[in-house]
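Asks: Take a look at this one; I'll ask things after.
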There are 2 protein chains.
Amino acid sequence: MRAMLVRDIGEFPLIDRLARAIVGENAALIQRLDDDGFRTLLTIGDDAAAWDGPPGVRVLTTDTMVEGVHFSFDYTGWRDLGWKSLASNLSDVAAMGCRPTYSIVTLGLRDDLPVEGLLDMYRGIMDVARLHGGAVVGGDIVKSPVFFVTVALEGAAPSPETGLLRRDAAKPGDLIAVTGHLGCSGGGLRMMMTGTDIPDATASKHLRDAHNRPVPRVKAGLLMAERGVLSAMDVSDGLIIDLAKMCSAGNVGARLNAGSIPADDILKAAFPDDWLSLALGGGEDYELLFTAPADVIEGLRPALDVPITVIGEVVGGDGSVEVLDDDGNPVVVQRRGWDHFKN
Amino acid sequence: MRAMLVRDIGEFPLIDRLARAIVGENAALIQRLDDDGFRTLLTIGDDAAAWDGPPGVRVLTTDTMVEGVHFSFDYTGWRDLGWKSLASNLSDVAAMGCRPTYSIVTLGLRDDLPVEGLLDMYRGIMDVARLHGGAVVGGDIVKSPVFFVTVALEGAAPSPETGLLRRDAAKPGDLIAVTGHLGCSGGGLRMMMTGTDIPDATASKHLRDAHNRPVPRVKAGLLMAERGVLSAMDVSDGLIIDLAKMCSAGNVGARLNAGSIPADDILKAAFPDDWLSLALGGGEDYELLFTAPADVIEGLRPALDVPITVIGEVVGGDGSVEVLDDDGNPVVVQRRGWDHFKN
C-alpha cells in the first residue's frame, strides 16, 4: 500500500490530523504553563493563539529550516527534523535567559511529502518541548515547491528582577566562556556527508545526534540570567563568527586561547586533524557563549547542569576576534561561518 | 549597471541594509507602542526581540506567502508584497479583536533576487504598519530555492474587560454580518490572470489594489470586541468556506441571503455574470465576518469606519452553510475555497 501523501489528504484534514496527533502531549505542556501563572485561552483552530500571563518581559524569536539548504533527509530523519526545528528556537530563548512558553509552527509543504513523516516530525517537536518547553499553540500550513519549517517561539523572563542576556553587553576584562563542547555538530554533518568511517557505533551516534538533536541550554540560560551574567548568545553559525557578532554588538574585541576550546574526545578521535577548525567554525552547536567577570563564572559552575569552559577574555576593540596558541602566537583561523548566500 | 542581487551582498550585510532602511519609520512605530504602555527593549540584532508590556491577553498569529503559490510578480509588485504579507497577519489580529503590537519577518530568499526589490518590500511593510500597527522587531533571513515571506505578529487585547473575538462563539438566532465588500480581491486576481479588459483605469486599479493592498479591519475588530461581539473571523479563504469553518467550530449552521451579499458596483460591472461567485468564494477579502444579536450590530454601525452588511443568520446545525435567493430557494454554490494541496 502506498503511503498517504499530503496531496491525498488535503490542507484542512491534514491540519486536523496533525493537531489531533499532538493534542494529548501538548495539553500537558500547556497545563505546565497554566500551573506556572499563564492562562492559555485558544490554541490551534482560531485566527490566532491566545493567552494571558504574569506581567514581565517577553522575547520572541524565529528560525527556519529549508530542505536542501539547512537539512537533507539523507542525514536528518523526520523526528530529528521536528526536534531540531524547535530546539534552535529554544536555544535562542535560552540565550536571552528566558523560559520558553508558546510556539507556532509554519510548514511549507511539497504535496508529495508523506503524512506519516509529518506526524513523526511533530513527535520530534513534542520530544524536545517535553524536556525544554515551548507548547505548540498555532501555525500555518502552506503549499510550497520546497519543504521548509519555520518555528516562532515566545519566552518569558523568569522574574521582574532578572535581566536579559544581551548580545551587546560584553565588557573588556570579562572572561569569555562556553557551555558544553563544540564541533560535534559540524563533525557529525561532515561524517554523514563525506562518509567518514567511524567504526565505533556509540561515537558515530554521538556525532550524528549532536547534529540532529542539539540540546538547547534552557536551564543554563535561566541560571546565568539569575546569577548576573549580562551577555550571551547561542553558537549557531560557528564560534568565531558568532563571537565576532557579539564583539561588534558590544564594540569590544576578543582574545581566545586555542588550547582551551572545549572539544570532546570523540570529536578529537574522529577528526584528529580538523577538530579545532570544527570547534571554531562548524556551527549549529547550540551551546551558550557568554561573558562575565571571573567570580560570576566560578559561582555558576556548581549550579549548572552542563560543564562550562573559559576560552578567553574580552578586550578593547572593534569587533575583532584573535585566537592565540599556548605560547601566545596567533592561530590562523579560516573564518568560514555560514553565509549561505555568498558561499 | 546590473542590479545588486542577494548573492552579491551576502546574508549579514543584507540584514544590516534592510534593518537600516526601516529604522527611522520603525522607531516611530515602536515609540507609539511605548507611548501606549509597552517598553520595547531589543529589536533586530539579538537572539530574540524583547519587550515589556501592560498585563493582559496576548494573541499570536502567522501567515506565509510563497512565490508561485500565493503570489506572482506578474500580478504583485514588491511593495505590494510587503503590504500584503503583514496585512494578512494584521487581519488575523483584527479578527481576534486585538491591537497589533510586534511582528517578526522571515524571508526565504533565492540568491538571484534584487536587493532593491527587498528594500521596496520593506517599504510596503512599513506602509501598512504605519496605518494599522505591527512594528518589525526581528526575523530571520535564509536561503531558499523558492522565495517566501513569513510574518508572525503578536497582538494585545485592548483592555482586561474586553473579550476575544472567537471563532467558536456563534449562537443560533444571531445575525451574520460582514464588513466592507467581498469579491474584489478575487476579481482583481482574475482580471490580472486572464487579462480581462477593464478600460476604466480607476476601476482596474480598484480591483488590483483589493488583491494586492487589502485593508486589515483593525479598528473595526477592536470596536466589535468592545461592543460585545463574541464571534468573528477574517475572510481569507472565501466567504462560504470560512463561514463553514466558523459554523463547524461553533457547532451551528448558517443561512445566507444571496441578495444581501455586499459586492461593489465596480466588481458587478467588471464581472456581470460572476460577481456573486467571486464574492462567495473568491477569497483574500480580509473583511471581518462576524455574528451578533441584531441590536449589537445596529449599535456598531454608526461607530465603525467601514460599512457592515447583514448577510444571514445563525441556525442550528453541524457546520453546514445554506445560501438562499430572495424567494427562499437554495442557490447552488461552487464550494471552491483554497485547498492548495487538492486543487
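Asks: Please list, in chain and number order, the residues 5+ apart from residue B:102 or on another chain whose amide H is under 5 Å from its amide H, with Hs placed from the backbone.
Replies: B:154
Asks: Output the pairs from A:219/B:219; A:84/A:268; B:245/B:268; A:84/A:143 with a Cα-Cα distance over 32 Å in this structure; if there are none, say none. Present the calculation step by step, with values, prior to reporting the outcome.
Replies: Working: A:219/B:219 41 Å; A:84/A:268 24 Å; B:245/B:268 27 Å; A:84/A:143 22 Å.
Violating the 32 Å Cα-Cα cut-off are A:219/B:219.
Asks: For a footprinting-style exposure proxy, rank B:65, B:191, A:4 by other Cβ within 10 Å, fewest first.
Replies: So the ranking, lowest neighbour count to highest, is A:4, B:65, B:191.
Asks: A follow-up question, please. For residue A:57, list long-range residues whose amide hydrogen, built 1.01 Å from N in the peptide plane, is under 5 Å from its own amide hydrogen.
Replies: Placed amide hydrogens put A:157 under 5 Å from residue A:57.
Asks: Continuing with the same structure: Under a point-charge model restricted to the Cβ atoms of Lys and Arg (+1) and Asp and Glu (-1), what is the dipole moment magnitude of segment B:1-146 relative to its Cα centre, in debye to the nearest 20?
Replies: Approximately 160 debye in magnitude.
Asks: Shifting gears a bit: In segment B:222-343, what % of DSSP beta bridges are antiparallel (nearest 5)?
Replies: Working: 10 of 14 bridges.
Beta bridges within segment B:222-343, antiparallel portion: roughly 70 percent.
Asks: Okay, next question. Per-residue Cβ counts within 10 Å, from other chains only, averaged over A:285-293: what number is that?
Replies: 0
Asks: Say a label goes 7 Å from Cα toward Cβ at residue A:2 in every copy; what distances in nm does this one have to the rest, shortest first?
Replies: Inter-copy label distances (nm, one decimal, shortest first): 4.3.
Asks: Counting each DSSP H run of 4 or more residues in chain A as -39500 (n - 2.57), what helix-only mean residue ellipticity at 222 nm follows after dividing by all residues, to the nearest 500 deg cm²/dmol?
Replies: -11500 deg cm²/dmol, from helical runs alone.
Asks: Let me understand segment A:55-198 better: what is its radius of gyration from the alpha carbons, and its Dmax, in angstrom?
Replies: In order Rg, Dmax, the Cα atoms of segment A:55-198 give 17.2, 55 Å.
Asks: Further, regarding this structure: Which value, in debye to the nearest 20, describes the size of the charge dipole of the protein assembly as shown about its Cα centre when Lys and Arg Cβ atoms bear +1, Asp and Glu Cβ atoms bear -1, and nothing else is charged?
Replies: Here the protein assembly as shown has a charge dipole of around 0 debye.
Asks: Please list the helices of chain A that count as membrane-span-like by this rule: a mean Kyte-Doolittle hydropathy of at least -1.0 together with Cα atoms stretching 30 Å or more along the helix axis, each helix being a complete DSSP H run.
Replies: What comes out of the filter, once short or polar helices are dropped, is A:11-35.
Asks: Could I ask something else about it? Can you give the convex hull volume of the alpha carbon atoms of chain A per residue, in Å³?
Replies: It comes to 148 Å³ per residue, whole-number rounded.
Asks: Continuing with this model, one more query. Show me A:19-29, B:136-146, B:114-124 ranked by packing, highest mean number of other Cβ atoms within 10 Å first. Walk me through the numbers on the way to the answer.
Replies: Details: A:19-29: 15.9, B:136-146: 22.5, B:114-124: 19.0.
Highest to lowest by the protection proxy: B:136-146, B:114-124, A:19-29.
Asks: Send over the Kirkwood Rh of the protein assembly as shown, from the inverse of the averaged 1/r over different Cα pairs, rounded to one decimal Å.
Replies: One over the average 1/r among Cα pairs gives 26.2 Å for the protein assembly as shown.
Asks: Still on this structure: With an 8 Å cut-off on Cα pairs and a minimum separation of 6 or more residues, tell me the relative contact order of chain B in percent.
Replies: Numbers: 762 pairs, mean separation 70.2, N = 343.
Worked out over chain B, it gives 20 percent.
Asks: Which one, A:221, A:292, A:71, projects farthest toward the positive side of the charge dipole computed for chain A from Cβ point charges (K/R +1, D/E -1)?
Replies: The listed residue farthest towards the positive side: A:71.
Asks: Along Cα-to-Cβ, 7 Å out, sits the label point; list in nm, shortest first, how far the one on residue A:69 is from those in the other copies.
Replies: 1.4
Asks: Further question on the same structure: Taking the Cβ of residue A:133 as the centre, find all other residues whose Cβ is under 11 Å away and add up their charges (Lys, Arg: +1; Asp, Glu: -1).
Replies: Neighbourhood net charge equals +2.
Asks: Residue B:274 versus residue B:8, label points 7 Å from Cα toward the beta carbon: distance in nm?
Replies: Inter-label distance under the simple model: 4.0 nm.
Asks: While we're on this one: Say a label goes 7 Å from Cα toward Cβ at residue B:31 in every copy; what distances in nm does this one have to the rest, shortest first?
Replies: Those label-point separations list as 4.9 nm.
Quick note: the coordinates plus some simple rules give every number you see, no bench work behind them. Since the model is a prediction, treat every value here as computed from it, not as a measurement. Note that each Cβ is placed from the backbone with ideal geometry, even for glycine, and that neighbours are counted across all protein chains shown.
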